[in-house]
Structures are given as C-alpha cells and as structure tokens.
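In what follows, a structure is listed as structure tokens, so that the remarks can point back to it.
The values are calculated or read from the model by the stated rules, or taken from the named source; none is laboratory data. Treat the numbers as computed from the prediction; the structure is a model and nothing was measured. Methodologically, a virtual Cβ is constructed for each residue, glycine included, from the backbone with ideal geometry; neighbour enumeration extends over all protein chains shown. For accessibility, only protein heavy atoms count, side chains too; no ligands or nucleic acids. Shrake-Rupley method; radii C 1.70, N 1.55, O 1.52, S 1.80 Å.
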Amino acid sequence: MYIKRNIRLSLIVIVALIIPCGITAQSKSDAIYLNKNASIEQRVEDLLSRMTLEEKAGQLNQLNYGMFTGPDNKADGEQEKLDLVKQGKVGSLLNTLGVSKIKKVQQIAVEQSRLKIPLLFGFDVIHGYKTLFPIPLAEACSWDMDQVNKNSRIAAKEAAASGLNWIFAPMCDVSNDPRWGRVMEGAGEDPYYGSVIGAARVKGFQGNLDSVFDVLACVKHFAAYGAVEAGREYNNVDVSRVAFYNKYLPPYDAAVRAGAATVMTSFNVFDGVPASGSTFLLTDILKNRLDFKGFVVSDWNAFAEMIAHGYAMDKKDAVYKAIKAGSMMDMESRTAINYLPELVKEGKLSLDQVDKAVGAILYYKFKLGLFENPYRFLDTKRETENIFTTENRKIAKEAAEKSILLLKNSQQILPLKNPNQKVALIGYYANSKSDMVDMWKATADAQDCVTIYEGLKKQFSNLTFSEGYNKDNSTTEALINEAVKNAAAAELVIVNIGITSNLSGEDKSLADINIPEGQIQLLKALKKTGKPIVTLVSSGRPMILTEVEGLSDALVQCWVLGTETGNAIAEVILGKYNPSAKTVMSFPYALGQIPVYYNHFNTGRPAPEPNAKDKPADFYSRFHDIPNEPLYPFGYGLSYTAFEYSNISLSSKTLDTNNSLSVTVELNNTGKYDGEEVVQLYIQDVTASIVRPVKELKGFKKIMLKAGEKTIVSFKISSNDLAFFDHEGKSIIENGKFNVFVGGNSRDVLSSSFELVQ
Ligand code: BGC
C-alpha cells in the first residue's frame, strides 16, 4: 500500500514536471527545431511549419527599443513594444543596450511568446562600443589588416559582452565626396582597397560565429549609397552600370564573400528604383550574383520611404514591393507586421517568398545558438570584465597612432625631441571632450576620451594652452591676442583646428568643407609671430587644407581618433611613433573640384603634363582658376624618415593567362628613422573596349625598414588582376598594353609597361 502510493506520487511529479515546459511529451519529440542535433535547415523548416502568418511577419519586424529615450529613460511606447514581443510580432530590436535590459526583453520573447523564438539585438557599432577606435576612414589609412582585425574583434567583443549579437557595420560604400558626412564610416575612394578592408572587418566582427564574442556583421548600404549627389545625405544616386560593377559593387561583394551574415539596403534609388524595392539589387545582384545566403535588413524606415520616393502608393504597397524584390527584415516601418499577412491571403505574395525571408533570419538565430540558450550573450560577469579594459584601450591607442596622417613636415620640424621645450597649444577643440565624439560614439562617454591637451600635458613640462577660437569656430580679437601672446612666449606652436566630431556621420553633410574662417584668421595671426607652427586637423573627412598648408610648417591630419586621441597624438609628435598612415581619400584643392579622386578617366582632352612638348594652348579639360590635381592624392602620407624608390623592373614584357609577372622595385630608407612605408601597386589598362581609369590600385605592402636599410619589394600580377566588368557585369580580360606603377602614393610613382597576350 505504502509502495503503491509512492509510485503514484512519483508519476504525478513526473507529469507535473513535463507539463509546465509548455510542450507535451508527444510534441516535444516532434519538435525538430528544438533538437540541436538536427541540421539548421531542418530546424528552420520545422519551425516555419509551426508558425502562423502573423508570427512570420513578426520575424520580419525590427523595432527600435531603448534609444531616443525620454526623461524617464523609457523607450517610446515601451509597453506596446513589449506586448508585440509577447505576441511573437517582433524578430529583432535595435538600440537596446546592456545585459540587464536585453535580458528583460529576451525573457519575454522566450518565455511568454507562443513559439519562444529568441530575438536578435542589433546596434550601430561603427568604431567601437565603449572603447572608441579611430573612425573607419582613419583606421583604413593604416593599411594594416592585422590592426583592423584587432580593432574589429574588440568592437565585437565589447558589443557581445553587453548582450548584442548583431552590429550594423562595416559600411562598404565607396565615395568620392567629402561633403558627405558618412565618408567617416567607410574606407575611402578605392574599390580594391575598400574590398580588402570590408572583408577584414567582417571577419573581425564575426570570427567563426561560434564564440560568445562573435556577432553578426551587416554590410551596408546596399548599394552605391556613397554616390549620393552633392554628398547630400539621403539624396539620389545615378551611376552607370559600368561604374556600379567596377567601382561600387566590389567592396560589398568582398564583404559578402567573407561571410557577412546580413546586408542592409540603402536609402537611395538605383536606376530609379529605391534600393529596398530593387529586384535588380537584391535578387539579381545580391542573391544570384554574389551568392548571398544571409538575410537582408532595410535601412531605418526605408520600406515606408518608398512612398515618398514615389515608388509605392502606401505602406502595404511598400512591403509588397520590398519582399517581392528580395528585402527581408523591415527596420522600423512596421509594414511587415501590419500588411504582410493580408498580402499573402490575397495571393499577392506567395508563402514561399515569405518563408524564404523568415527562414534566412531564423537560420542565424539557430546559428548563434540562441534556441539552445537565448541568454548566451547575456552574462553580467562578462559584461563587467570585457568592456573598456586597459588592454582594449592599449589596442585603441595603437590603432590611433597608425591612423595619424603626416601631410607636411618642412625642415623636419617634427618630431619634437625635447619634452622640456616651451610649447603653446592653441585651439578650442584640443581641450573639449564633447567635440571628440561623433554621432556613432555608441556607448562611449566623451569624458573618457583623452584630449590633445591632456595627451600633450603628460609629455611636455612647459605647455601653455589658449582657445584661439570659439566652439562655433568664430574668433575674437581677445582670443587671438591671448593665443598670439602664448605663441610669442613659446618656442613652438601646436594649433588644433578643424570641425567638431559631431559633424561627422549620418545626416552631417556639409556644403562647405573649407577650414572655418575664424581658424584661418587665427593661423594668420600666429604665423606673424614667426614661431614654427604644427597644425593638427581634427575632422571626420578630408577638409580643404590648401590655405592651411601655406600657414603651417608641419601639417597633421588627426581625423577623429577615439578614446586615445591625445595619447596617440603626443606619441607621434614626440616621435615615439613614426607616422605610417596614407590617405584613402584625396584631399581636394578647392571646393569646386569635388569630386576629385585618383582613379578617374583620362577624358579625350586630358590636361598636358607640365613639361610636355606641343602643349595645347587651350580647350583641354581643366579649371582656369585651380589645378586639376587634389592637394594630397590618394595613398599620400609622410613619415619622419624618407623612402626612395628606384629600379622598377618587370620579370617579362608580356603576360599570358597561364603565368604571372612580377614587378619589383628597390625601396630605400634614406632618412634617419626606422619607419614603415606602404608600397602601392597600380595598373592602367591603356586601351580597352570600355574606358578604364588612369590608375587602379592592385596591391600594397606595408614594409618596415630600419634607417639606412633597403629592400626589394615585389608584386605578382596575373591576367585576373587585369579583368574588368562590361555593361552587363560580365568579367572580361582584354589583350593589349598595360602600364604598371609602383610608389608611395598614387601620384609619385615609377612606371613600366607590359603587354597582355592571351
Ligand atoms: C543608418 C544606418 C544605421 C541605421 C540603424 C540608419 O539611419 O543609415 O547606417 O545602421 O540607421 O541605426
């Protein structure tokens, strides 16, 4: 009797333990999607078969939750969004930050929604999460892929430690227009270099997508967003197919092939169709040509914006056109949750189309292990231990040093050898933390950034500081007088000019990128003191430095360098780090020259070389008031030491398809310092069935040479390197003459030539 009762009790306990799991013993064994031994494809299929149309639409819905908060620190309509999560009507949230906050929402998704599908949490981690690295444009000037990898790993690590599993980077938009505030997010004007960087960043962010520090990357903005007219944000794009295939597409292509899990559509139209509704971009190119297997997310509200574009009648029409074209997740415009189910019921969209989109998103939720453990990224201990660490800051400092671009150094005025010399530091920005962070500062605190003043103060015992100009870049007689007084009392002047970092990033287009007049007035007054002037330019884009160059003995482009700004700049000024950066965007000579870039076409009437015989007197392609050439060309940047190139030689004068050809040059460090040089290889396809640029970067090597040391640098060229795309995007390789150039920038090169004979 006693035994019987006990058996009965045990049975009740077992049943009671099973039932609260929410899945009966019967359905549990059926639930392939919960079986981690099944393939992801099988799990996705099984889960799809259990979902209602509304739940599928929910997976395509991404909402902003947790940013742009009000005074009570609550997201707009917080409760309403949590209710949607509970109803299974949200697939992902963006801008939800911190383990505890993310956990709270994830818990609702996996404990209270019917199918318990975990959410993805995304955020813009553009140049670091809390430890800020140099902006991507500056980082790219390092030409150092190990460094780029380290920076991306740390950005991902900090983001993942804080609970995120998806970051909206890298931006792979090639751009020739420094008026566009977003050039700070990219890798500059070259498609080949942009490809190398895009792939390196994707690999850095994602790793193998198997550790708790690996996050999904998002390649953006697909496509050709860098070509916005006049550099005005959200503006139109009109590029030829030839430009698209040869110039704009390669970096996205490389980043996708590096394994990027997600791609974001751009805001612009492409061939008259908004990118989120473009079958050409999303299906023909991204899916079919690039073989992209991940999922596509729209840019913010981009589905709905197809209405303003004049492409969709209303939101229902917008989501119809978007999904049909190959878009998947809808960021913030709620068109999917509101209209997708009825579009399927009306037979306008097929279930298959919807399942493909939902399946691609679910795939990555499985891949990240979120079904096994939805709290996998949510560990407060990890959050405390991995963010803004001393080690992360050390790498950020190295990255900043490698991004600093030396543009001029008359009479080798830099580096300063004597830390006891009297130095006058001048410039409002040099001592303003709030001007050091841009809109993509992520969670960084401006107070944590080391200013130029703080950095120099640690190293120079005799440093004075004066503002010289106001926060709004204007100046006054009093400010100038004080600055001049300090300059006169010093042995050397360091002036920090430029624009606030707040003017870099999204919605930061500027029509005028000249150095503000107040700063020029200041520089002119300082110049009159006769003291040597070292000018440090802070800006998230190349500014027009033509006048500044004449007023400075040394000129240093400091970009927006992140947390370690001041420390890195001080190291460079003292020569503890010898600058090695080379610009990845041309610095225009004047505003009216934009767009100016190295890989342009020749035109039918190119400007004659200065020493050419039989120069045409008139009617060639030029400006009458300024040169055609930029102030500083692509690839340009100085070192404290000097590098000499000599003896370019080719292993053969002809190349065929079975062999490669090697190009060698001698590189000699003729200066007094050990230093690194970025040796660049360019080619020119002299005559082709589609006109090719005057130069195209095809390779680079960053070489360290001790003072007085020399080496032979060699590159291989094979016929594949000579391929280009025709109007239909077909890759072609054509026989004929090719020029080869090697040098330390795109202008000052040694050249040779060979013939391709297939
Ligand atoms: C930007 C994207 C960004 C997204 C999410 C958009 O406005 O264009 O680059 O990832 O917002 O914040």
Q.
In Å and on Cα atoms, what radius of gyration and Dmax does region 396-591 show?
A. 15.2, 43
Q: For region 641-758, give the share of DSSP beta bridges that are antiparallel, in percent and rounded to the nearest 5; count only bridges with both residues there.
A: 95 percent
(Q) Working only with C-alpha atoms, what are the Rg and Dmax values of region 500-583, expressed in angstrom? (A) 13.9, 40
Q) Looking at the chain, what % of its DSSP beta bridges pair antiparallel, to the nearest 5? A) 55 percent
Q: Once you have all Cα-Cα distances for region 641-758, histogram them in 5 Å bins from zero and send the whole-percent values.
A: 2, 11, 22, 21, 16, 12, 7, 5, 3, 1, 0
**Q.** Whole-Hz ³J(HN,Hα) from phi, Karplus 6.51 cos²θ - 1.76 cosθ + 1.60, for region 58-66, glycine and proline x
**A.** x, 5, 8, 9, 10, 10, 7, 9, x
Q) Peptides 48-59, 325-336: what's the order by average Cβ count within 10 Å, highest mean first? A) 325-336, 48-59
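What's the carbon and sulfur percent of region 218-315's accessible surface, probe 1.4 angstrom, rounded to a whole number?
Working: 1530 of 3160 Å².
So the carbon and sulfur contribution to the accessible surface is 48 percent.
Past 31 Å, Cα to Cα, is the threshold; run Lys220/Lys701; Lys613/Lys716; Lys157/Lys706; Lys397/Lys528; Lys150/Lys381; Lys471/Lys672 against it and keep the listed order. Show your work: numbers first, answer last.
Values: Lys220/Lys701 27 Å; Lys613/Lys716 35 Å; Lys157/Lys706 35 Å; Lys397/Lys528 35 Å; Lys150/Lys381 22 Å; Lys471/Lys672 40 Å.
Correct reply: Lys613/Lys716; Lys157/Lys706; Lys397/Lys528; Lys471/Lys672.
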Q: Give me the number: length gained by fully extending Ser651 to Ala308, i.e. 0.36 nm times residue separation minus the C-alpha to C-alpha distance, one decimal in nm.
A: 117.7 nm
Q) If amide H atoms are built 1.01 Å from N in the plane of the peptide, which residues on other chains or at least 5 residues away come under 5 Å of the amide H of His221? A) Cys172, Asp173
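For a protection proxy built on the mean count of beta-carbon atoms within 10 angstrom, sort 673-681, 579-587, 298-306, 388-396 highest first, please. Walk me through the intermediate numbers first.
Values: 673-681: 21.0, 579-587: 27.2, 298-306: 24.3, 388-396: 17.0.
The most tightly packed comes first, giving 579-587, 298-306, 673-681, 388-396.
Which whole-number percentage describes the relative contact order of the chain, with Cα contacts under 8 Å and a sequence gap of 6 or more? Could you put the intermediate results ahead of the total?
Working: 1776 pairs, mean separation 92.7, N = 758.
After rounding, I find 12 percent.
Which percent of the Cα-Cα distances in the chain go past 41 Å?
Values: 105024 of 286903 pairs.
Percentage above 41 Å: 37.
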**Q.** Rounded accessible area per residue of region 396-591, 1.4 Å, Å²
**A.** 32 Å²
Q.
How large a share of the accessible area of region 396-591, in percent, is made up of carbon and sulfur atoms when the probe is 1.4 Å and the other protein chains stay in place?
A. 48 percent
